[in-house]
Amino acid sequence: MQIYKEMNIGTAKPTTEEMQGIKHYLVDFVLPNQRYSVAQFKIDSKKAIKEILAKGKTPIIVGGTGLYVDSLIYEIEYNDIEFDAEYRKELEEIAEKEGLEKLYEEAKKIDPEAIEKISKNDKKRILRILEIYKATGKNKTEQEIESRQKEIEYDYRVFALNWDREELYERINKRVDIMIEKGLIEEVQDIMKKYNEFPTAMQGLGYKEVVQYLKGEITKEEMIEKVKMETRRYAKRQLTWFRKNKQTVWIEGRENIQNNVNIILEGIN
């Protein structure tokens, strides 16, 4: 979500000071009302990787969205299917009138393997499973299997931070409180006033819950608790996702930073 301009607080986007003069790629370059897909991410990432390698540097890809990471590591091709506004509207109406669970069960029939990695409340990804199938006649898992046969272009090393579960959840709760204090609600208000639509941007964690609050669907207290809860769930799914990846090297979050840097340097040399 850090790709989006004007979405700084809710994405914990690095500040100029935090960047320390080092160029960061794919940050702050897409408007909130623009669609941005994993297929486009892969194109832009490959371009950035080539540019960094041409400078004699080692690219560091940082993020936690497993789908996007896997698209690079395993050369998975997610076809950038044409957006079908009518079908999306139809799905949105079903979700509103009959409940998201109905669409979740439908997606489960189409792609049981992919649905295992998705929360029953993750409307964006549930709709995506249905849209991909309607547009291509193949489910997402089938597409992944086919595209994984492609030769991998780079020799990646994958590192993940491991935290004690209770401490991780405490850090998440504190982070949400800080975001609210820094003006997350005002940030979302400004974006909603400026843009008529935000197809992907406002589905981000912390943003969709604030939108619900601003629409009067939930109270401020409910919104804050919901952001914390959904973020904790997301963190749990992240851990599950990367633990399935056997090449992941786990480093302890509480360890001295320099020790972890040394582990990474040893892993890539």
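Computed from the coordinates by the stated procedures, all read-outs in this text should not be read as laboratory data. Remember, it's a predicted structure, so these values are computed and weren't measured experimentally. Cβ coordinates were reconstructed from backbone atoms using ideal geometry, including for glycine residues, and neighbour counts include every protein chain displayed.
Observations on the structure shown:
- With the charge dipole of the chain set up from +1 on Lys and Arg Cβ and -1 on Asp and Glu Cβ about the Cα centre, the Cα lying farthest toward the positive end among the listed residues Leu31, Leu161, Leu130 is that of Leu161.
- Residues Leu265, Leu67 arranged by fewest to most Cβ contacts within 10 Å: Leu265, Leu67
- Estimated at 0.36 nm per residue, the fully extended path between Asn33 and Glu90 surpasses their Cα-Cα distance by 18.5 nm.
- Where a label projected 7 Å from the Cα of Asn245 along Cα→Cβ would reach, residues of segment 1-45 with amide N under 20 Å: 1-3, 25-27, 37-45
- Relative to the 2.2 N^0.38 Å rule of thumb, segment 85-147 has a C-alpha radius of gyration ratio of 1.06.
- Order of Asp155, Asp44 - criterion: other Cβ atoms within 10 Å of each residue's Cβ, fewest first: Asp155, Asp44
- Extension gain for Ala135 to Lys120 (0.36 nm times residue separation, less C-alpha to C-alpha distance): 3.2 nm.
- Over the chain, Cα pairs under 8 Å with separation of 6+ residues give a relative contact order of 23 percent.
- Residues in segment 21-45 reached by a label modelled at Thr65 [backbone nitrogen below 16 Å; 7 Å Cα→Cβ]: 25-45
- Length added when fully stretched, Met229-Ala12, from 0.36 nm per residue minus Cα-Cα: 76.4 nm
- Three semi-axes of the equivalent ellipsoid, segment 176-231, Cα gyration tensor, whole Å, largest first: 17, 12, 11
- Top of Glu90, Glu113, Glu181 by mean-square fluctuation, Gaussian network on the chain, Cα under 10 Å: Glu90
- Built amide H within the under 5 Å cut-off of Glu252, gap 5+: Asn162
- Residue exposure proxy: Lys46, Lys215, ordered by other Cβ atoms within 10 angstrom of their Cβ from fewest to most, comes out as Lys215, Lys46.
- Listed values for segment 85-95 are Karplus-derived 3J(HN,Hα) couplings in whole Hz (6.51 cos²θ - 1.76 cosθ + 1.60, θ = phi - 60°), namely 4, 5, 5, 4, 4, 4, 5, 4, 5, 4, 4, and x replaces Gly and Pro.
- Dipole axis of the chain (+1 Lys, Arg; -1 Asp, Glu on Cβ), positive-most option in Asn256, Asn8, Ala48: Asn256
- Magnitude of the charge dipole, the chain, Cβ model with Lys/Arg +1 and Asp/Glu -1, debye to 20: 360 debye
- Against the empirical 2.2 N^0.38 Å (N residues), the chain has a Cα radius of gyration ratio of 1.04.
- Amide hydrogen neighbours beyond the local backbone of Val158, cut-off 5 Å, H modeled: Val249
- Distances between placed amide hydrogens fall under 5 Å for Asp28 paired with Ile3, Tyr4, all partners being 5 or more residues away or on another chain.
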